[in-house]
Amino acid sequence: MISTDANCINPSAKELITVDPRVKSGEIRRKLEFISFLLAEVPADAVGPALVWRDQKDNQVHWRSLEGISTTIGRSTRCNFVLDATSVSRIHAEIRRESDGWEIKDLNSSNGTFVDGLRITERKLNGCVVIQVGRVSVLFFAPDELEAEF
């Protein structure tokens with residue numbers, strides 16, 4: 001079992017346990033478990049912002065660096081980041097680099113886009129957050145931003 005004790009989290013990753021006060025405590029526990037599980041599989045030399053997720057078909061953790069200014073997420077092969085799940089819209093969301101950091105925008109998806117458990121239309125991303133598209137959870141991880149905050 002993965003510990004959800006905040007003392008077990010690397011002190012440089014304090015941002016991982018900062019959540020919106022509207023999020024329920026059970027959601028916080030699930031977020032910590034999900035993050036701990038995924039981060040344990042991230043390569044030690046990983047740099048730059050990336051999306052980390054566990055594929056439901058092969059049960060493997062995958063890491064994909066965000067390249068360029070914009071990344072589209074969806075079921076369509078036209079997207080930069082394809083998630084093969086019926087709960088994900090063809091073109092579901094977009095993550096884009098802005099002058100002051102990263103931002104995600106829901107592209108009128110059927111099942112919504114959530115950041116740390118809250119439905120969004122558009123939201124800034126920082127350090128490490130859980131993004132849910134349809135019923136698929138993906139971790140946005142920007143280690144450089146975490147280090148810059150501390």
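Contour minus end-to-end for Val61 and Arg135, with contour as 0.36 nm per residue of separation and end-to-end as the Cα-Cα distance?
This chain segment gains 25.0 nm when fully extended.
Ranking request for peptides 128-134, 95-101: highest mean number of other beta-carbon atoms within 10 Å first, then the rest in descending order.
Highest to lowest by the protection proxy: 128-134, 95-101.
All other residues with a Cβ under 10 Å from the Cβ of Cys79 taken together, and with Lys, Arg as +1 and Asp, Glu as -1, what is their net charge?
Surrounding charge for Cys79 is +2.
Each reported figure results from applying straightforward, stated rules to the coordinates on display, with no laboratory input. Because the structure is a prediction, the values reported are computed rather than measured. Using ideal geometry, Cβ is built from the backbone for each residue, glycine included, and neighbour counts are taken over all protein chains shown.
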